[in-house]
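Enquirer: Sharing a structure, written as structure tokens. Questions coming.
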Amino acid sequence: MRKHTMGLLAAAAASTLALSACGGAEVGGEPEGGSSEGAGDGITIGIKYDQPGLGLQDGADYTGFDVDVARYVANELGYSEDQITFRETPSANRESMLQNGDVDMIFATYSITDERKQVIDFAGPYFVAGQDLLVAADNTDITGPEDLEGKNLCSVTGSTSAEKIKTDYAEGVQLLERPGYAECVTALSAGQVDAVTTDDIILAGLAAANGDGNLKVVGNPFSEERYGVGLPKGSDQCEDINAAITKMIEEGAWEDAVAANTEGADYTPNADLNPPTPEACA
Ligand code: GLU
């Protein structure tokens, strides 16, 4: 928390300077020279590194919808681009990385659940997806979760997607758990599993990036996944993050980010559920 206060003060000073300089173009831009208050002054944000269109690392570049929302929110909280450090938060490690202070907040296709709320807090939601299935493009047997009986399915350890299969379809489905969705796509492409399951927006990005047209999303979502911003329990930042999300939606930047990050992927967000209204903070 100490470093947040420092960051906010430094950024407030920087934005006052930028405003008084009048052009406005440099608000949130890089402070030139030695104006920053020491190297420890920033924010560490957890994202996915292997989910095209959501959170993707390519060298020093980080792209995707989660990353765009994270940057927007961090800017609104007073952090400039060069004060943000991205860190990978795999599905199974998200709660513990917040609890250990490895990251300050998480934007990583992170569904708000009551179970997770026992150990961490959430702001948001900023998006609503639905669990779906990814299969070979020529697969005609699997049209929904009820067709999974006797099939091999891949999902990711620590995800709500794997949990739902274990809870609702445990008897008939052989579940292979992997640390990340990219490994599941590899297993599907190699014919080791019949389907991959997770949120539709993740699957659409994976199909567009990996499949050469030979993978398809079934398009029959069977859950509501409300993406929240993961925060350490007791955080005082939830209200400010919700205000930033609301502003992003009202300004049209949210819609632009959805469009830019789903371009080329066969995906349209559920318009009945998106954009969502952030919930009251705990
Ligand atoms: N949204 C789901 C979750 O938070 C699945 C996606 C993921 O593993 O990040 O568990």
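Enquirer: Give the long-range amide H neighbours of Gly130: residues separated by 5 or more places, or on another chain, with amide H under 5 Å away, using H modelled in the peptide plane at 1.01 Å from N.
Expert: Under 5 Å from the amide H of Gly130: Asp200, Ile201, Glu225.
Enquirer: Here is a further query. Compute a Gaussian network model of the chain, connecting alpha carbons closer than 10 Å, and tell me which residue from Gln174, Gln118, Gln131 fluctuates the most.
Expert: Maximum among the listed residues: Gln118.
Enquirer: Okay, next question. Run the quick spin-label model on Ala282 and Ala137: label points 7 Å from Cα toward the beta carbon, then report their separation in nm to one decimal.
Expert: 4.5 nm
Enquirer: Per 0.36 nm of contour for each residue apart, how much would the distance between Ala190 and Glu224 grow if the chain were fully extended, relative to their Cα-Cα spacing?
Expert: Going from the current span to full extension adds 9.3 nm.
Enquirer: Lys/Arg Cβ at +1, Asp/Glu Cβ at -1, dipole of the chain taken about the Cα centre: which of Gly53, Leu98, Val173 is farthest positive-ward?
Expert: Toward the positive end, the furthest listed residue is Leu98.
Enquirer: Ignoring ligands, DNA and RNA, please state the percent of accessible area on region 186-230 from carbon and sulfur, probe 1.4 Å.
Expert: Carbon and sulfur: 37 percent of the exposed surface of region 186-230.
Enquirer: Run down the aspartates and glutamates and flag those whose C-alpha is under 17 Å from the C-alpha of Lys247, throwing out any fewer than 8 positions away in its chain.
Expert: Asp66, Asp68, Glu76, Glu239, Glu255, Asp256, Glu279
Enquirer: Right, next: With labels modelled as points extended 7 Å from the Cα through the Cβ direction, what inter-label distance (nm, one decimal) is found for Gln174 paired with Thr85?
Expert: With each label placed 7 Å out from Cα toward Cβ, I get 4.4 nm.
Enquirer: Along the positive direction of the dipole of region 117-249 (beta-carbon charges: Lys, Arg +1; Asp, Glu -1; about the Cα centre), which of Gly213, Thr197, Ile245 reaches farthest?
Expert: Result: Ile245, furthest along the dipole toward the positive end.
Enquirer: Counting only heavy atoms of the protein chains, get the accessible area per residue of region 82-230 (1.4 Å probe) and round it to a whole Å² value.
Expert: It amounts to 40 Å² per residue over region 82-230.
Enquirer: While we're here: Which residues' amide hydrogens lie under 5 Å from the amide hydrogen of Arg87, considering only partners 5 or more residues apart or on another chain, with H built in the peptide plane?
Expert: Excluding prolines and chain starts, which carry no amide H, the hits are Ile45, Gly46, Ile47.
Enquirer: If you don't mind, another one. Could you tell me which of rounded, prolate or oblate describes region 166-269, using a ≥ b ≥ c as the square roots of the eigenvalues of the alpha-carbon gyration tensor, with rounded for a/c under 1.5 and, failing that, prolate when a/b is larger than b/c and oblate otherwise?
Expert: oblate
Enquirer: Please give the charge dipole size of the chain, origin at the Cα centre, charges +1 on K and R Cβ atoms and -1 on D and E Cβ atoms. Round to the nearest 20 debye.
Expert: Dipole size: approximately 620 debye.
Enquirer: I would also like to ask the following. With +1 assigned to the C-beta of every Lys and Arg and -1 to the C-beta of every Asp and Glu, and no other charges, what is the dipole magnitude of region 155-271 about the Cα centre in debye, to the nearest 20?
Expert: The dipole of region 155-271 has a size of about 360 debye.
Enquirer: Not counting ligands, DNA or RNA, and with a 1.4 Å probe, what is Glu255's accessible surface area in Å² rounded to the nearest 10?
Expert: 130 Å²
Enquirer: Please give, to one decimal in nm, the separation of the simple spin-label points placed at Ala259 and Ala60, each 7 Å out from Cα toward the Cβ.
Expert: Roughly 3.1 nm, to one decimal.
Enquirer: Please report the accessible area of Glu279 (heavy atoms, 1.4 Å probe, ligands and nucleic acids excluded) in Å², nearest 10.
Expert: Probe radius 1.4 Å; accessible area of Glu279 about 60 Å².
Enquirer: With all protein chains present, how much of the accessible area of region 80-175 (probe radius 1.4 Å) comes from carbon and sulfur, to the nearest whole percent?
Expert: Carbon and sulfur together cover 39 percent of it.
Enquirer: Would you grab the residues whose amide H sits under 5 Å from the one on Asp50? Only those 5+ places off in sequence or on another chain, please, with H modelled 1.01 Å from N.
Expert: Residues meeting the criterion, in which the H sits 1.01 Å from N, are Gln57.
Enquirer: Given a 1.4 angstrom probe, what's the average accessible area per residue across region 240-282, in square angstrom?
Expert: 61 Å²
Enquirer: Assuming R0 = 25 Å, what is the FRET efficiency of Ser96 and Asp236, from their Cβ-Cβ distance, to the nearest 0.05?
Expert: Here the calculated transfer efficiency is 0.70.
The values are calculated or read from the model by the stated rules, or taken from the named source; none is laboratory data. Just so it is clear, the structure is predicted and the values come from calculations on it, not from any experiment. Don't worry about glycine lacking a Cβ; one is built from the backbone with ideal geometry, like all the others, and counts go over all protein chains shown. For accessibility, only protein heavy atoms count, side chains too; no ligands or nucleic acids. Shrake-Rupley method; radii C 1.70, N 1.55, O 1.52, S 1.80 Å.
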